[in-house]
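> Below you'll find the structure I mean.
The values are calculated or read from the model by the stated rules, or taken from the named source; none is laboratory data. This structure is a prediction, so every number in the text was calculated from the model and none was measured. No Cβ is skipped: glycine too gets one built from the backbone with ideal geometry, and neighbour counts run over all protein chains shown. What goes into the accessible areas is simple: the full protein's heavy atoms, side chains included, and nothing from ligands, DNA or RNA. Shrake-Rupley method; radii C 1.70, N 1.55, O 1.52, S 1.80 Å.
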Amino acid sequence: MSTKSTHPNPFKGSFGSLENLVDKISDVLECPVTIEDPAHRLLAYSSHGEGTDSARIATIMRRRVPERVISSLWKDGTMQRLHQSEKPVRISQIQEVGLGDRIAMTIRSKTEIIGYIWLLEVDNQLDDDDLELLSYASQAAKNQLVQLHGRKKKREKGHQEFFWQLLTGHLKNHDEISESFEGFNIKVTLPVAVFVFQFPEEINDKTERNISYMITTTQKIIAPLYALDGNELVLLGSPSSVTNGILSPEAFIEEFTSQMALRFHSGNLIGGSGNGYTDYTKIETSYQEALSVLKLKEQFSDELRGTCTYNHLGIYRYIDVLSAKNKEDGYENLSLKKLKEYDLLHNTQLKETLDVFLIKDSHVNEAAKALNVHSNTLNYRLKRITEVGGINLRDPNEKMTLFLDMKLDKLKQNGLL
């Protein structure tokens, strides 16, 4: 058994920097050491010998833990154990991602996790006395990280004020905005797009910490700015280095919503994004587009279930314009009026049948399945629809008009217009 516990706490006093502290921890516990922030960005690391693993080398090279390593640690329950424990946690190797045997421990300020210490067990297997010393080391790291954390919070407050100026269109010059990014030391790659996520409840401090963790560990995009607005998360996204300059909003939205549910049990998220722009003054436009996506997804939940970007809204982008034009003209689709009157009088579902038939792009079998009727029954209803409404279902222009007018009618019936 180690005799290290008979010695005084070797981590008392000031070490001047995290680099000095990790060197001290490495000397005392005879293991390579890294200290990371809450988003697994590398803050300090000690030297290592030839026996180190590829995950540590990749972390040092990239200045952050690779996304596939983080994902593996979540999948095998390691991150959950770390978050639930205030003591060191032993981690077995994960060969698929090049991770060797490790000891890890959270660094906490009260209940908030402000960092992690990782020790790679290469030639030295740590015992209980060593783990007690690691707890002392965590307290020493806490004292330095609290100061870093406080300065980060002040910077983020200034960043958020800047972000809201961008979102509300108060900054009108691309070059001046670019200079502001440089002044805040915010790295952004063009194009940029705004993402908005709606949570089922108002975002609290715990959820914000989980959000911060997610957007700083993802490698699908770079998210240098974010802000909270009640139950909405608004963030600025730009391409990351691993996506070769390509911004893929759908991939990020899918990852964010699924991982928030899987890792932090934050389900029922709805995400949307505006278009990507190379002009910073268009950030306000992208924000309004993202809000439009969420609004339309709420109004047309079935039709837009798989849509999350403004670029893919299609004809739904013009719903408000068409509604205003119809009101101005006093327009009413007489064919739809006849179908509604017939349904009311005969207790039929001709209008609903037509709606589903058009949504299914005039595919009889798919529409019949959605309506839970036989295809022969559907064909009979379609015949009645053409007769009652005076509708030509072979005319694409007439079908498109009916499709749009039924969407507007749906909004009007639900009190949304």
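> Give me a count of the residues in the range 161-183 that are surrounded by fewer than 16 Cβ atoms within 10 Å (Cβ to Cβ) and assigned to a loop (DSSP other than H, G, I, E, B).
Final tally of qualifying residues: 5.
> Which of (1) open to solvent by 30 Å² or more (accessible area, probe 1.4 Å); (2) in a helix (DSSP H, G or I) is the odd one out, the single condition Ser47 does not satisfy?
Failing condition for Ser47: (2).
> In the set Glu36, Glu67, Glu50, which member is modelled with pLDDT of 90 or more and of a type in the set (Asp, Glu)? Can you show your working first?
On the way: Glu67 fails: modelled with pLDDT of 90 or more; Glu50 fails: modelled with pLDDT of 90 or more.
Among Glu36, Glu67, Glu50, only Glu36 is modelled with pLDDT of 90 or more and of a type in the set (Asp, Glu).
> Within the range 310-349, restricting attention to residues that are more than 44 Å from the chain's Cα centre (by Cα) and among the aliphatic types (A, V, I, L, M), which residue is least open to solvent (accessible area, probe 1.4 Å)?
Leu334
> Of all residues in the range 18-41, which are in a strand (DSSP E or B) and crowded, with 17+ Cβ neighbours inside 10 Å? Don't jump to the end; show me each part of the working.
Taking the range 18-41 and keeping what is in a strand (DSSP E or B), we get 33-36, 41.
Scanning the range 18-41 gives Val33, Thr34, Ile35, Glu36.
> Here's another thing I want to ask about it. Scan Pro224, Pro191 and give me the residue that is in contact with a Gly (Cβ under 6 Å, 6 or more places away or on another chain), in contact (Cβ under 8 Å) with a residue 24 or more places away in the chain and open to solvent by 20 Å² or more (accessible area, probe 1.4 Å). Talk me through it step by step, then tell me what you get.
Working: Pro224 fails: in contact with a Gly (Cβ under 6 Å, 6 or more places away or on another chain).
Result: Pro191 is the single residue among Pro224, Pro191 that is in contact with a Gly (Cβ under 6 Å, 6 or more places away or on another chain), in contact (Cβ under 8 Å) with a residue 24 or more places away in the chain and open to solvent by 20 Å² or more (accessible area, probe 1.4 Å).
> Right, Glu201: open to solvent by 20 Å² or more (accessible area, probe 1.4 Å) and assigned to a helix (DSSP H, G or I) or not?
Numbers: open to solvent by 20 Å² or more (accessible area, probe 1.4 Å): yes; assigned to a helix (DSSP H, G or I): no.
No.
> Would you point out the residue of the range 292-334, among those that are of a type in the set (A, V, I, L, M, F, W, C) and not in a helix (DSSP H, G or I), that is nearest to Ala251 (Cα to Cα)? Even if it seems obvious, please write down each step before you answer.
Step one: list which residues in the range 292-334 are of a type in the set (A, V, I, L, M, F, W, C), which gives 293-294, 296, 300, 304, 308, 313, 315, 319, 321-322, 324, 334.
Next cut, not in a helix (DSSP H, G or I) only: 300, 304, 308, 313.
Values: Phe300: 22, Leu304: 17, Cys308: 10, Leu313: 17 Å.
Selected residue: Cys308.
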